[in-house]
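Written out below as structure tokens is the structure these notes cover.
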Amino acid sequence: MDRLEIFRNIASQAGRGELVFPANVSASLKLQKALADPECHLELAAKLVMAEPLVSARTVAIANSAAYNRSGGEINNVRAAVMRLGFRTLNTITTSVIVRQLGRTINNPGMRIKSAQLWEHCAHVAATAYVLTSKLTKADPETAMFAGIVHEVGGFYLLSRTDDFPGLLDGGTEDWMEYGEKMIGRAVLKKLGVPQPVVDAIESLWHGVRVLPPQTIGDVLLLAKELSPVPSPLQRTAVAEAGIGGENLVDDYIGDRSLREMLDDSEEQIRTLTAALLV
């Protein structure tokens, strides 16, 4: 079976909902479902989060990031972190753990490196999208951060299947970007229960062109992706070399300020939020 046929096979399975998730992902999916229950109150949510070490650590770290800790008072327990963040951010954190866990069971060392780089890329995109959305649009920064976290979820799923299909990415990523990314991405987004506005933003990212100043979360997502200092390992090399890092892009002006000025002013927020997502 050639590479293109494998992509089509995985995409077809994903489209039918036949997604193969590791056991640790299944546990986090149960937590996500419990937190989404209207009967789940904050005290119960705190107990559920405390039972999951990865979710607990990331919850406290994000609550203490400059983006959320505007009072300067540091939090050192899960209950207080949950109170500060609320359910929407908890859902984002749980989903980020699910996405990251997809790469933790990969046996191939090269694919594990790609998975780690892909998560670092997503963390940068999510943090930058949160800040830029709050500064440049009337859209919701929380939704933008969530979209940044899940925008490459199809790629994580692909990498999690490479043990079953050795050499799948040996020939480059062009077939993935052309055929697999959208089909597999849509199926995994559906499995994770990602809200339609976020799916629409990711679809806009797949098909869109840069808009300055950005108007929608999809516009912000594309801009944040181009500004990321860490490229996606699943992106075409030429695209990565031309856009990632945004060395030319940061000198563009939005109104009377350059992107560079805005990013410099928000450096602490982006840095600490990225670091918290990488915990």
Fill in the blank from the handout: The one condition residue 20 fails out of (1) crowded, with 20+ Cβ neighbours inside 10 Å; (2) part of a loop (DSSP other than H, G, I, E, B) is (1)
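Can you tell me which residue within the stretch 241-274, out of those that are in a helix (DSSP H, G or I) and at pLDDT below 80, is surrounded by the most Cβ atoms within 10 Å (Cβ to Cβ)? Quick ask: steps written out before the conclusion?
The first filter runs over the stretch 241-274 and keeps only residues in a helix (DSSP H, G or I), leaving 241-243, 249-251, 259-265, 267-274.
Next, only the ones that are at pLDDT below 80 stay: 241-243, 249-251.
Working: 241: 11, 242: 11, 243: 19, 249: 17, 250: 16, 251: 10.
Per the criteria, the residue is 243.
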Practice task
Please find, within the stretch 162-191, the residue that is farthest from the chain's Cα centre (by Cα) out of those that are surrounded by 20 or more Cβ atoms within 10 Å (Cβ to Cβ) and closer than 15 Å to residue 25 by Cβ.
Solution key: 187
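Yes/no per residue for (1) among the charged types (D, E, K, R); (2) at pLDDT 90 or above:
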{"residue": "1", "(1), (2)": "no, no"}
{"residue": "10", "(1), (2)": "no, no"}
{"residue": "27", "(1), (2)": "no, no"}
{"residue": "36", "(1), (2)": "no, no"}
{"residue": "56", "(1), (2)": "no, yes"}
{"residue": "70", "(1), (2)": "yes, no"}
Problem - Per-region count, the stretch 53-87, residues part of a helix (DSSP H, G or I) and of a type in the set (Gly, Ala, Ser) - result: 7
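Considering only the stretch 160-177, state which residues are assigned to a loop (DSSP other than H, G, I, E, B) and of a type in the set (A, V, I, L, M).
If we filter the stretch 160-177 for residues that are assigned to a loop (DSSP other than H, G, I, E, B), which is where we start, we get 161-173.
Within the stretch 160-177, 168, 169 qualify.
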Exercise for the section: Starting from the stretch 42-64, keep only residues that are under 16 Å from residue 274 (Cα atoms), then list their pairs with residues that are β-branched (Val, Ile, Thr) and not in a helix (DSSP H, G or I) whose Cβ atoms are within a distance under 8 Å, requiring at least 6 positions of separation or different chains. Expected result: 57/279; 58/279; 60/75; 61/279; 63/75; 64/75
Practice task
Tally the residues that are in a helix (DSSP H, G or I) and open to solvent by less than 20 Å² (accessible area, probe 1.4 Å), restricting the search to the stretch 114-159.
Solution key: 29
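The values are calculated or read from the model by the stated rules, or taken from the named source; none is laboratory data. Please read all numbers here as calculations on a predicted model, not as lab measurements. All Cβ positions, even for glycine, are placed from backbone atoms using ideal geometry, and neighbour counts span all protein chains on display. Areas reflect the complete protein model, heavy atoms only, side chains present, ligands, DNA and RNA absent. Shrake-Rupley method; radii C 1.70, N 1.55, O 1.52, S 1.80 Å.
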